[in-house]
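The values are calculated or read from the model by the stated rules, or taken from the named source; none is laboratory data. These numbers come from a predicted model, not from an experiment. All Cβ positions, glycine included, derive from the backbone under ideal geometry; neighbour counts span all protein chains shown. Surface accessibility is based on the protein's heavy atoms, side chains included, excluding ligands, DNA and RNA. Shrake-Rupley method; radii C 1.70, N 1.55, O 1.52, S 1.80 Å.
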Amino acid sequence: MNPTTLGFVCVQNAGRSQMATAFAEREQRERGLEDHVRIRTGGTDPAGSVHDVVLTVMDEVGIDMSDRQPREITPGAIETCDIVITMGCSADGVCPATWRGDARDWDLTDPHGRSLDDVREIREAIRTRVEALFDELESQTQD
């Protein structure tokens with residue numbers, strides 16, 4: 001069975017998609033799915049750095065993201081993903097017309113400029129969704 005490739009995509013790749021990627025990498029490791037799941041992330045117009053408030057709230061749950069940098073994701077990279085998850089910025093205009101994968105929009109508030117408590121809520125929403133996604137992926141590997 002070919003690995004499932006996930007793409008966590010946003011505009012800036014400085015907040016929500018970075019948190020989702022970090023949680024996905026942790027789930028991938030903890031569930032032993034390294035051979036079954038690949039993870040990509042990027043932004044259509046990446047910021048210069050990950051938002052400080054995101055670094056803070058992720059550090060609170062034991063995930064150090066201080067070495068992460070927002071990066072661009074290209075239409076070609078998106079085409080190689082089986083599931084593309086946008087964070088509240090819809091897949092319209094992000095996914096190439098020829099791509100026929102599974103596009104999901106999680107419709108999450110942008111953490112930039114939000115209070116720590118707001119960003120903690122966003123973090124927990126992302127964690128819950130990533131865990132549910134990995135429950136789904138894990139069940140597929142057992143079929």
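Go over the candidates ARG129, ARG114, ARG104, ARG123 one by one and state the one that is basic (Lys, Arg) and surrounded by fewer than 15 Cβ atoms within 10 Å (Cβ to Cβ). Can you show your working first?
Numbers: ARG129 fails: surrounded by fewer than 15 Cβ atoms within 10 Å (Cβ to Cβ); ARG114 fails: surrounded by fewer than 15 Cβ atoms within 10 Å (Cβ to Cβ); ARG123 fails: surrounded by fewer than 15 Cβ atoms within 10 Å (Cβ to Cβ).
Going through ARG129, ARG114, ARG104, ARG123 in turn, the sole match is ARG104.
Scan the range 114-141 for residues that are more than 21 Å from GLY62 (Cβ to Cβ) and among the aliphatic types (A, V, I, L, M) and jot them down.
Hit for the range 114-141 is LEU137, nothing else.
Any idea how many residues of the range 1-56 are β-branched (Val, Ile, Thr), closer than 17 Å to GLU124 by Cβ and surrounded by fewer than 19 Cβ atoms within 10 Å (Cβ to Cβ)?
Initial filter on the range 1-56 (β-branched (Val, Ile, Thr)): 4-5, 9, 11, 21, 37, 39, 41, 44, 50, 53-54, 56.
Next, only the ones that are closer than 17 Å to GLU124 by Cβ stay: 21, 53-54, 56.
Now drop any that are not surrounded by fewer than 19 Cβ atoms within 10 Å (Cβ to Cβ), which leaves 56.
So the answer is 1.
Tell me which residues, restricted to the range 59-77, are at pLDDT below 95, more than 13 Å from the chain's Cα centre (by Cα) and either assigned to a helix (DSSP H, G or I) or of a type in the set (Val, Ile, Thr) (or both).
THR74, PRO75, GLY76, ALA77
Quickly run through the range 44-58 and pick out the residues that are assigned to a loop (DSSP other than H, G, I, E, B) and polar (S, T, N, Q).
THR44, SER49
Pull up the range 1-24, narrow it to residues that are polar (S, T, N, Q) and not in a strand (DSSP E or B), then point me to the one that is farthest from PRO75 (Cα to Cα). Full working, then the answer.
Narrowing the range 1-24 to residues polar (S, T, N, Q): 2, 4-5, 12-13, 17-18, 21.
Next, from what is left, pick out any that are not in a strand (DSSP E or B): 2, 12-13, 17-18, 21.
On the way: ASN2: 21, GLN12: 15, ASN13: 15, SER17: 17, GLN18: 19, THR21: 18 Å.
Only one residue tops the list, namely ASN2.
With the requirement that a residue be of a type in the set (Val, Ile, Thr) and under 14 Å from MET87 (Cα atoms), what does the range 1-44 give you? It would help to see each step written out before you state the result.
So in the range 1-44, the residues of a type in the set (Val, Ile, Thr) come out as 4-5, 9, 11, 21, 37, 39, 41, 44.
Hits for the range 1-44 are VAL9, VAL11, THR21, THR41, THR44.
Among GLU34, GLU27, which is in contact with a helix residue (DSSP H, G or I) (Cβ under 8 Å, 6 or more places away or on another chain), in a loop (DSSP other than H, G, I, E, B) and farther than 15 Å from HIS112 by Cα? Lay out the reasoning, then the answer.
On the way: GLU27 fails: in a loop (DSSP other than H, G, I, E, B).
Just a single option satisfies the conditions, and that option is GLU34.
Pairs under 7 Å by beta carbon, first residue over 13 Å from PRO111 (Cα atoms) in the range 44-63, partner open to solvent by 30 Å² or more (accessible area, probe 1.4 Å) and not in a loop (DSSP other than H, G, I, E, B), six or more apart or different chains?
PRO46/GLU72; ILE63/ARG26
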